[in-house]
1. Project the alpha carbons of the stretch 141-204 onto their principal axes and report the range along each, largest first, in whole Å.
2. Contact order normalised by length for the stretch 1-72, with contacts defined as Cα pairs under 8 Å and 6 or more residues apart; what percent is it?
3. Give me the number: length gained by fully extending Thr193 to Glu50, i.e. 0.36 nm times residue separation minus the C-alpha to C-alpha distance, one decimal in nm.
4. For the chain, what are the per-bin percents of Cα-Cα distances with bins 10 Å wide, up to the bin holding the maximum?
5. With an 8 Å cut-off on Cα pairs and a minimum separation of 6 or more residues, tell me the relative contact order of the stretch 145-204 in percent.
6. Starting from the Cα of Ala99, step 7 Å toward the Cβ, then list every residue of the stretch 19-57 with an amide N under 15 Å from that point.
7. For the pair Val38 and Arg149, what calculated FRET efficiency results from E = 1/(1 + (r/R0)^6), where r is the Cβ-Cβ distance and R0 = 25 Å, to the nearest 0.05?
8. If you count, for each residue, the other Cβ atoms within 10 Å and average over each peptide, how do 139-149, 169-179 line up from highest to lowest?
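Just so it is clear, none of the values below were taken in a lab; they were calculated from the coordinates. A quick note: this is a predicted structure, and the numbers were derived from the prediction, not measured. Cβ sites come from the backbone with ideal geometry, for glycine too, and all protein chains shown count toward neighbours.
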Amino acid sequence: MEDAAAVAAYLEQECGIDAIHVTRSVHLRDEFMWAPGVTHGGFNAPLVSEIKRAVTVPVIAVGRFTEPQYAELLVKQGRADIIAFGRQSIADPELPNKARLGKLEELTPCIGCLLGCVPNMFAGKPITCALNPCAGRESELTPAAVPKRVAVVGGGPAGLYAAWACAARGHQVTLMEKEDEPGGSFRIASYPTGKGRSRRPSAA
Ligand SMILES: Cc1cc2nc3c(=O)[nH]c(=O)nc-3n(C[C@H](O)[C@H](O)[C@H](O)COP(=O)(O)O)c2cc1C
Ligand code: SF4
């Protein structure tokens, strides 16, 4: 930590940098470069504060930020100047617009599963996201040539997303689910400690 703070101060004084973006870990020692879902947004904050004490230029924090409210709080507290959303921007690139419009209940939070983004990158494939199948394929979500009436049977994650994608393309969708609540196996998957984001973004 002390070395990183000294390097940051040197970069400011000797190289004239305008801002510094603070992340953590290196590939050889992979300590939460992509932190898992059980970590809370801002787990890097104490380290970022140390860097902030060493420089006067704006300091950017990153790491498991999924909630704009918490990002805003850290900035208000003066613990960082700018917050970067990494995987959250893959899971839901509409976060800034939803925050601006006060539609946080519509936010899809990154659950830190590392199922679609990082492994695909290492495999040399286009990245995708377990919670956002449209990631990287946004241009395919075009208006349907002929709007139809579509029935989707099953309100698990796949059914919900299929229903959403059909509606986004202009189809008239009827979603059928035998349980009282939609969500399928994600409802059960959300029970273990640290998995709450799978179910309720704002309560995680
Ligand atoms: C698919 C993917 C590719 C990334 N590539 C880079 C990279 O090339 N260089 C880098 O410094 N960080 C890279 N990162 C790390 C992010 O910048 C960020 O530090 C990290 O994902 C933690 O933030 P998050 O929890 O908000 O995702 C990448 C992250 C992801 C998910
Ligand atoms: S696949 Fe999606 S939800 Fe899972 S860690 Fe990557 S960005 Fe987050």
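1. Largest first, the stretch 141-204 extends 45, 25, 14 Å along its Cα principal axes.
2. In percent, rounded to a whole number, it is 39.
3. Working: separation 143, 0.36 × 143 = 51.48 nm, distance 2.97 nm.
Residue separation times 0.36 nm, minus the Cα-Cα distance, leaves 48.5 nm.
4. 8, 27, 32, 20, 9, 4, 0
5. Relative contact order of the stretch 145-204: 30 percent.
6. 41-43
7. 0.05
8. 169-179, 139-149
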